[in-house]
Each structure stands twice: as C-alpha cells, then as structure tokens.
Amino acid sequence: MARVSQEHLDARRRQILDGAARCFARDGFHATSMQDILGEIGLSAGAVYRYFSGKEELISAIAEQTFSGVRAAFEEAARTTPPPTPDVLLGRVLRTFLDEEVPGGDRQAFARLIVQVWTETLRNERLAAVLHDGYNGMRRAWADVVDAYRDNGILDSDVPADHVARTMIATAMGFIAQQALIGDVRVEVLEDGLGALMSMQVSKIS
C-alpha cells in the first residue's frame, strides 16, 4: 500500500477544518452536528474521525490555527525594518483573517463564530486553555513589535510593552465584536480611526 504523503494529510486536515468552520459560522457551534460537517465536506465519518474526535476538538483546532496565523503575522512585522505602524499592522491582520480568508465568505458569520468561541471558553476548559495560550502568544508577539518600534526610534513612550500589546488586542477584539453584532464594519474604518488617533499632537492639547 502506498504511503500517504504528509502534504496530503495536511491538505485533508485543512479541508476538514475549513468545512467545519463554514458550518459553525453559518449555523452556530451547538446547532451544528458532526453529520452536518460530514455533509459539508463530503467525507466519511471514518475519514474525519481519523483526524478529530468530535466538535470540541474541531473548534479547538480552528482556534489554534487562527491564533497561529495571527501570531506569525505579528512576528514577521517585528522583524521588518521599520515595522508597520499599529493602524497598518492591525488592518493587515484583520483584513487577512476577517475578509480575505473567511470560510464561506461571510464576514459577519465568521465574526460571530469567534464570539461563540469566546463564550464557549466559559464552560469548556480545553477551549479556555487554547484561548489563554493564544492570547498570551499574541501579547508576546505584540510586545516584540513595540520593542521593534523603540529600536527603530519611532516610539519613545516608557509605557510597558505589554500594556500596549493588551490595548491593541482589545482594539482587535472590539472590532470583531462590532462585526459580529452590527455587521458591515470595514477594516478601513479601523485603520482611519487608529491613524487619526496616532496623529494627535499632545502638546497642543496641554
């Protein structure tokens, strides 16, 4: 029997995660059954259960995959000279994960899925651990970006890097919540708003 390549295994895993994300975003986590997911991706139960034991493992994997992608984007930004400013960087990341790569193409539905994941962590210890690890990873990545700003002479504030990191994460979470609850929230609005705040001249105010 021919050995299945790692590339094939990775592609099949991604196919399952993408299909599950579409179902969860469209119908909600609790309303989606494993049969719904099997129908969405057109695979047998055995093919799916080879990779994932059930819905909870699927939603945890989707969360881990998203955190990994976001963290990688921030880490790349920290290596860039000079690093992109917060409005550009945050806009780039949100545009990628909430616009260009949205499963099923429905931005509001996917944002609602993210909010569902947040609420599910209140009762699911495994998912809460995934969220905690992902959040701390993003804090570290953002802190590295803040250090890069200082190394490049474009930020002279003595505010701890972690405080800036938490603030930028809160900004992103607020944007996701708006998209989920209100809809039709464009990334350009966030970029323009952050850019305007960054252009404030404190000396004129004081």
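The values are calculated or read from the model by the stated rules, or taken from the named source; none is laboratory data. Here the structure is a predicted model, which is why all the values come from computation and not from measurement. So basically every Cβ, Gly included, is an ideal-geometry build from the backbone, and we count neighbours across all protein chains shown. The protein model used for the area step is the full one, side chains on, heavy atoms only, and it has no ligands, DNA or RNA in it. Shrake-Rupley method; radii C 1.70, N 1.55, O 1.52, S 1.80 Å.
Figures for the structure shown
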{"quantity": "Considering residues of region 62-116 that are closer than 16 Å to G137 by Cα and of a type in the set (G, A, S) only, the residue farthest from the chain's Cα centre (by Cα)", "calculated": "A78"}
{"quantity": "Residues of region 135-165 classified as of a type in the set (A, V, I, L, M, F, W, C), more than 16 Å from E76 (Cα to Cα) and in a helix (DSSP H, G or I), total", "calculated": "2"}
{"quantity": "Single residue of region 152-184 satisfying the filter (closer than 23 Å to L131 by Cβ and of a type in the set (G, A, S)) that is farthest from the chain's Cα centre (by Cα)", "calculated": "A161"}
{"quantity": "Failed condition for E76, given (1) open to solvent by less than 60 Å² (accessible area, probe 1.4 Å); (2) farther than 22 Å from L197 by Cβ; (3) of a type outside the set (K, R)", "calculated": "(1)"}
{"quantity": "Output for region 41-67, where each listed residue is open to solvent by 30 Å² or more (accessible area, probe 1.4 Å) and within 17 Å of L113 (Cα to Cα)", "calculated": "K55, E56, E57, E64, Q65, T66, F67"}
{"quantity": "Single residue of L94, L90, L98 found to be among the aliphatic types (A, V, I, L, M), at pLDDT below 85 and under 17 Å from I176 (Cα atoms)", "calculated": "L98"}
{"quantity": "Flag if A20 is open to solvent by less than 30 Å² (accessible area, probe 1.4 Å), over 24 Å from Y135 (Cβ atoms) and hydrophobic (A, V, I, L, M, F, W, C)", "calculated": "no"}
